[in-house]
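Student: The structure follows.
The values are calculated or read from the model by the stated rules, or taken from the named source; none is laboratory data. Just so it is clear, the structure is predicted and the values come from calculations on it, not from any experiment. FYI the Cβ positions are ideal-geometry reconstructions off the backbone, even for glycines, and counts take in every protein chain you see.
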């Protein structure tokens, strides 16, 4: 029973050390993976190399990774066991999912949304019918948000993606609320005969 009490007393210290180790590895992996993912969407050969390398690293078992790091770090004059190999191992394991999430997220952005952002960020702003290239069709709700953004003075337009997305979200929610309150518009106008 005394051994259990002693171990429980160590729990807060060990838990905080584990969390700091994990958060540091996650921070480093994000700092590497997000810029690499952005660059990879623009350079196809870099994408193949980065995804291939990260996926190979992901397949190495954790214990084998630590076993490989002991002689490598010892050759570099660093301690082969302890905090450093754990940070390196966790960072290497975090890179692949963050990299793939970044690449997939950027590739899945609707081209119409990119066009809408381009129109909103034009300086000086032009009326929607003059600045819209028409290459992609916008949903009516998004077109409303773009139009509202262009109505604002240049210094009051959306200063960040967060403000733009919040405005899009509130416009879409208002549109859905209006549709739900008018249930007759949700019903079919005629019955289909089979």
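Student: Test of understanding: among 75, 54, which residue is more than 30 Å from the chain's Cα centre (by Cα), assigned by TED's automatic domain parsing to the domain that holds residue 35 and over 23 Å from residue 19 (Cβ atoms)?
Tutor: Working: 54 fails: more than 30 Å from the chain's Cα centre (by Cα).
Going through 75, 54 in turn, just one is more than 30 Å from the chain's Cα centre (by Cα), assigned by TED's automatic domain parsing to the domain that holds residue 35 and over 23 Å from residue 19 (Cβ atoms): 75.
Student: Anything in the stretch 56-70 that is touching a helix residue (DSSP H, G or I) at 6+ places or on another chain (Cβ under 6 Å) and modelled with pLDDT of 85 or more? List them, or say none. Give the steps one after another, and end with the answer.
Tutor: First pass over the stretch 56-70, keeping only residues touching a helix residue (DSSP H, G or I) at 6+ places or on another chain (Cβ under 6 Å): 57-58, 65-66, 69.
Matches in the stretch 56-70: 57, 58.
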